[in-house]
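Novice: One structure, pasted below without further comment.
What follows is calculated from the coordinates using simple rules that are stated; it is not laboratory data. Keep in mind the model is a prediction, meaning the values are calculated, not measured. With ideal geometry, Cβ positions are generated from the backbone for all residues, glycine too; neighbour counts draw on all protein chains shown.
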Amino acid sequence: MNILVCIKQILDPEIPAREFRVDAAKHEAERGNANLVTNIFCENALETALQFREAFSDTKITVLSFGAATAEDSLRKALAMKADAAALVINDKTSNPDPLTVAQVLAAAIRKLGSFDLIMVGREAGDWGAGQTAGLLAEELRMPCVSFVDRLEPMNGGLRMNRQTDSGCEVLEAQTPLVVSITNDEHNVPRIPKVRDVMMSYRQPMTQWTLADLGYESEEDKYYEIVDLSIPRKESRCEFVTGDTLDERVESLAKRITEVTSAL
Amino acid sequence: MNDVVICLLNPTSFDRAAQGLAGAGRRLAEELNAQLTAIVLSPQVPGIAREVAEVVDKVIVVDQGEYQPEPALSALTETCSQQSPAAVLFGNDTYSQEVTPRLAYRLGGAAVGDVVEVTIHEQALRVSRQVYGGKAQATIELKRTPAVLWTRSRSFVPANRLSEPGSVTELSLEIPIDTRTRIVERKRESQSEQRLEEARVIVSGGRGIGGPEPFNDELKPLAELLGAQLAASRAACDAGWVPPTLQVGQTGKKVTPDLYLAIAITGASQHMAGISEAKNIAAINTDPDAPIFKHCRFGIVEDYRKVVPLLRQKLQALQNSQR
């Protein structure tokens, strides 16, 4: 099975809210002192692919990223986790491409890389969180798509997979080629690469392309545009329940709760 | 045509989420001076279409049996194309989230998900959504038509009933058979008989709960007493104390209850991203500086182990006295 995993490098989503600033003119988050990290769902996707390869030999995993030159670090980490090959499309144009642009660029790179049976994408990214890459990529590549997958295995020349839904889970069977979006689960917590493998990853080859190398030209009509980005100020004042004893305080908490629920 | 379409996929009832969706659709249609149409794809119980017709001008029913991703997408593409709408609105269920970007692609439009506000600005459609894990809010202007949106529909005010219900038509489509993907089994979590997204009261526990037993022995009885649904933070789900379907937050469910009672939850922005549309947030936490209190209507600084058993007694007593 020939697997491709898409990887996105993002601003560390774990930075505390009090350190988070936006550049209101550019409609972007300010980098500040924050690290750049691989989006967690992309790592869940890679982990799912690595486990697939461990269970079923004759599997090759290629990782692909579209982003700034710094995204090389995310791909090196993926190689250290033992992906077989890596390719980077350097974004020398817009800093925050819309979802359709991302899907078109990834599709162009995938066609140039070869043919894949399975394309895995993280469910959403921790920065813009649009959650559209899997669906739009499937459309660009004329493939079917299954979302929110957390486990998959081969079956009768195709795939059998489990996905999370809002009311539980579903089992699906699918033919390849296929695009899936991967969500997190206790089974696909990303492994930590060994220090030695991290060092070794910098000696491995990596394909690097510019948008021009892919012959990509942006379409004239945009998909959408960010017209405002701001930090919401929604600080309601908390009323701490009062009373001389714990019993009195809990009594007044119970009353406040009942006021809200009995109005329903 | 300038019409607004709302889509209900595989509905089992005309629930609060669907009613909110109709409300958002109606307000947008009024601004555009247009009609509101509902596409009801594969209703799972009879009578839903008639209920929907009480609040929309036209209902189109397309019955495909149970939802399957590829045939559903083809059916929606064909039905929407016939309407040539300005906007197509969905709720935030799994199926809606999955079809919207692909439907936008096929209709030549643009999609945005997790929308909490829709406005018209100088004839362009603008939407608001949270980004950066709830740390920021973005306003996005759609540059293609139709706008295909999935929304936190339950947070919208429901639509008013029409004096004359809208028309109901059944549409049978010639959709080519597509078995490249097939849902072969649907398992419902026993605990989520009511969808968390639909819950009016939620009792939620975090890392500070400390294990699976207190969820079962303390929080669950409290939830039952309040007629509430049980939920949890990512930390509690990752620890395996409760199933992942209970997770609320940026990477879990986005909920819109009237009361969200956060117990031993610090309130990291990733968690707050899931409850920003809750009407009232209350917290029980030992740390007076916990970020959760910044978002609370009311709260108590105390160990939940002391509070919850006592709270159950007090609530029980209040309920008895009201009878």
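Novice: From Cα pairs below 8 angstrom and at least 6 apart in sequence, can you work out the relative contact order of segment B:190-322, rounded to a whole percent?
Specialist: This gives 23 percent for segment B:190-322.
Novice: Moving on to the next point. Which FRET efficiency value, to the nearest 0.05, do you get for B:Gln316 and B:Thr286 by plugging their Cβ-Cβ distance into 1/(1 + (r/R0)^6) with R0 = 41 Å?
Specialist: Taking R0 as 41 Å, the efficiency between B:Gln316 and B:Thr286 is 0.95.
Novice: Considering amide H positions built from the backbone, and no H for Pro or chain starts, which residues 5 or more places from A:Asp228, or on another chain, come under 5 Å of its amide H?
Specialist: Excluding prolines and chain starts, which carry no amide H, the hits are B:Thr139.
Novice: Through the Karplus equation 6.51 cos²θ - 1.76 cosθ + 1.60, θ set to phi - 60°, convert the phi angles of segment B:221-233 into ³J(HN,Hα) values in whole Hz; use x for Gly and Pro.
Specialist: Computed from phi, the couplings for segment B:221-233 are x, 5, 4, 4, 4, 8, x, 9, 9, 8, 9, 7, 7 Hz.
Novice: Next question. Pick out which of A:Gly122, A:Gly114, A:Gly131 has the largest mean-square fluctuation in a Gaussian network model of chain A, springs linking Cα atoms closer than 10 Å.
Specialist: A:Gly114
Novice: In addition: Taking only Cα atoms and a 10 Å spring cutoff, compute GNM fluctuations for chain B and point out the largest among B:Thr181, B:Thr266, B:Thr251.
Specialist: Comparing B:Thr181, B:Thr266, B:Thr251 in the GNM, the peak value goes to B:Thr181.
Novice: Amide H neighbours of A:Phe66 under 5 Å, at least 5 residues apart or on other chains, H built in the peptide plane: list them.
Specialist: Amide H to amide H, under 5 Å and 5 or more residues apart or across chains, A:Phe66 pairs with A:Ile7, A:Val89.
Novice: What average number of partner chain Cβ atoms lie no more than 10 Å from the Cβ of the residues making up B:302-311?
Specialist: Rounded to a whole number, the mean comes out at 3.
Novice: Could you tell me the relative contact order of segment B:4-170? Use alpha-carbon pairs under 8 Å, at least six residues apart, and round to a whole percent.
Specialist: 32 percent
Novice: Mind checking the dipole of chain B: about its Cα centre, +1 per Lys or Arg Cβ, -1 per Asp or Glu Cβ, Debye to the nearest 20?
Specialist: Result for chain B is approximately 720 debye, rounded to the nearest 20.
Novice: Another question, then. Under a GNM of chain B (C-alpha, springs under 10 Å), which listed residue has the highest mean-square fluctuation: B:Ala18, B:Ala282, B:Ala124?
Specialist: Of the options given, B:Ala124 has the highest mean-square fluctuation.
Novice: Another question, then. How large is the dipole of the protein assembly as shown about the Cα centre if only Lys and Arg carry +1 and Asp and Glu carry -1, each at its Cβ, rounded to the nearest 20 debye?
Specialist: 760 debye
Novice: Among all cysteines in chain B, which have no other cysteine Cβ under 4.7 Å from their own Cβ?
Specialist: Flagged as lacking a Cys partner: B:Cys7, B:Cys80, B:Cys237.
Novice: Okay, moving on. Give, to the nearest whole percent, the P(r) tail of segment A:74-126 beyond 15 angstrom, counting all Cα pairs.
Specialist: Cα-Cα pairs of segment A:74-126 separated by over 15 Å account for 61 percent.
Novice: Additional query: Considering the dipole of the protein assembly as shown built from charges on the beta carbon (Lys and Arg +1, Asp and Glu -1) around the Cα centre, which of B:Leu310, A:Met200, A:Gly215 is farthest to its positive end?
Specialist: B:Leu310
Novice: When you look at the Cβ of every residue in A:121-133, what mean number of other chain Cβ atoms sits within 10 Å?
Specialist: Mean number of neighbouring Cβ atoms from other chains: 5.
Novice: Using only Cα atoms, tell me the angle between helix A:99-113 and the longest principal axis of chain A; keep it within 0 to 90° and round to the nearest 10.
Specialist: 30 degrees
Novice: Using alpha carbons only, how many angstrom separate the centre of segment B:203-243 from the centre of segment A:86-140?
Specialist: When both Cα centres are located, 37 Å separates them.
Novice: Let me ask something else. Take peptide A:238-244, look around each residue's Cβ out to 10 angstrom, count Cβ atoms belonging to other protein chains, and average those counts.
Specialist: Mean partner shielding for this stretch: 5.
Novice: Another one. From the Cα trace of chain A, what convex hull volume per residue do you get, rounded to a whole Å³?
Specialist: 206 Å³
Novice: Give the long-range amide H neighbours of A:Met81: residues separated by 5 or more places, or on another chain, with amide H under 5 Å away, using H modelled in the peptide plane at 1.01 Å from N.
Specialist: Distant-sequence amide H within range of A:Met81: zero hits.
Novice: How far apart, in nm, are the 7 Å Cα→Cβ label points at A:Asp247 and B:Val184?
Specialist: If labels sit at A:Asp247 and B:Val184, their model points lie 6.2 nm apart.
Novice: By how many degrees, between 0 and 90 and to the nearest 10, does the Cα long axis of helix B:304-322 differ from the longest principal axis of chain B?
Specialist: 70 degrees
Novice: How big is chain B along each principal axis, measuring the range of its Cα positions in Å and listing the largest first?
Specialist: Reported extents, whole Å, longest axis first: 61, 44, 43.
Novice: If you take the charge dipole of chain B about its Cα centre, with +1 on Lys and Arg Cβ and -1 on Asp and Glu Cβ, which of B:Thr12, B:Phe298, B:His271 is farthest toward its positive end?
Specialist: Farthest towards the positive end: B:Phe298.
Novice: Ok, one more. Placing unit charges on C-beta atoms (Lys and Arg positive, Asp and Glu negative, everything else neutral), compute the dipole magnitude of chain A about its Cα centre in debye, rounded to 20.
Specialist: It works out to roughly 780 debye.
Novice: Also, quick follow-up: Rank-order A:100-109, A:21-30, B:46-55 by packing density, defined as the average count of other C-beta atoms within 10 Å over each peptide's residues, highest first.
Specialist: A:100-109, B:46-55, A:21-30
Novice: Sticking with this one: Can you tell me how segment B:190-322 classifies by the Cα gyration tensor, rounded, prolate or oblate, using a/c under 1.5 as the rounded cut?
Specialist: Taking the square roots of the gyration eigenvalues as a ≥ b ≥ c, segment B:190-322 is rounded.
Novice: If I stretch the segment between B:Leu173 and B:Glu54 completely, what's the gain in nm (0.36 nm per residue apart, minus their alpha carbon distance), one decimal?
Specialist: 40.4 nm
Novice: Next question, about the same structure. No partner Cβ under 4.7 angstrom, meaning no disulfide-compatible partner by this rule: which Cys of chain A qualify?
Specialist: A:Cys6, A:Cys42, A:Cys145, A:Cys169 - these cysteines have no disulfide-compatible partner (Cβ-Cβ under 4.7 Å) in chain A.
Novice: Please compute the contact order of segment A:2-210 in relative form: average sequence separation of alpha-carbon pairs under 8 Å and at least six residues apart, divided by the residue count, as a percent.
Specialist: 26 percent.
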